[in-house]
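Read through the structure below, which is laid out as structure tokens, and then see the notes.
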Amino acid sequence: QVQLVESGGGLVQAGGSLRLSCAASGRTISTYAMGWFRQAPGKEREFVAAISSSGGNMAYTDSVKGRFTISRDNAKNTVYLQMNSLKPEDTAVYYCAANIARFGVLRGASQYAYWGQGTQVTVSS
């Protein structure tokens, strides 16, 4: 019932930064846990980051800790993923996901009911 649209992807050099946005419509996301996943060609979709509905709790996969930051602005119905110190291994299609969860974070893809179309991130050497 909520629609998600990612934006902000592109081509950057290793060490550069990108900020992805996930704009939601159709429903307020104030009661939704939100997450970011990524998928490279030939690989399974992997968890990247998640944030609780209030923004009070965040989780990251080990490979992006210290480099990526997930945040949300419920007033704007938008979730962000700030990606710094990008590496070629970060190259993938990045997806935004959502599901109703008043407390805690959701780390598994199967826990999310709504998904965006994805945005391509390419990091060159």
Subject >> Hey, Arg45 among the charged types (D, E, K, R), open to solvent by 40 Å² or more (accessible area, probe 1.4 Å), modelled with pLDDT under 95 and more than 21 Å from Gly16 (Cβ to Cβ) or not >> reply: no
Subject >> Selection from segment 30-50 of residues that are of a type in the set (A, V, I, L, M, F, W, C) and farther than 18 Å from Thr119 by Cβ >> reply: Ala33
**OP:** Answer yes or no: is there a residue in segment 10-17 that is of a type in the set (Val, Ile, Thr) and either surrounded by 15 or more Cβ atoms within 10 Å (Cβ to Cβ) or under 11 Å from the mean Cα position of the chain (by Cα) (or both).
**Re:** yes
**OP:** Check whether at least one residue in segment 54-70 is within 11 Å of the chain's Cα centre (by Cα), within 16 Å of Gly8 (Cα to Cα) and open to solvent by 40 Å² or more (accessible area, probe 1.4 Å), and report yes or no.
**Re:** yes
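The values are calculated or read from the model by the stated rules, or taken from the named source; none is laboratory data. For clarity, every value in this text was computed on a predicted model and none was experimentally measured. Heads up, the Cβs are rebuilt from the backbone with ideal geometry, glycines too, and the neighbour counts pull from every protein chain shown. To get the accessible areas, we keep the full protein, side chains included, count just its heavy atoms, and leave off ligands, DNA and RNA. Shrake-Rupley method; radii C 1.70, N 1.55, O 1.52, S 1.80 Å.
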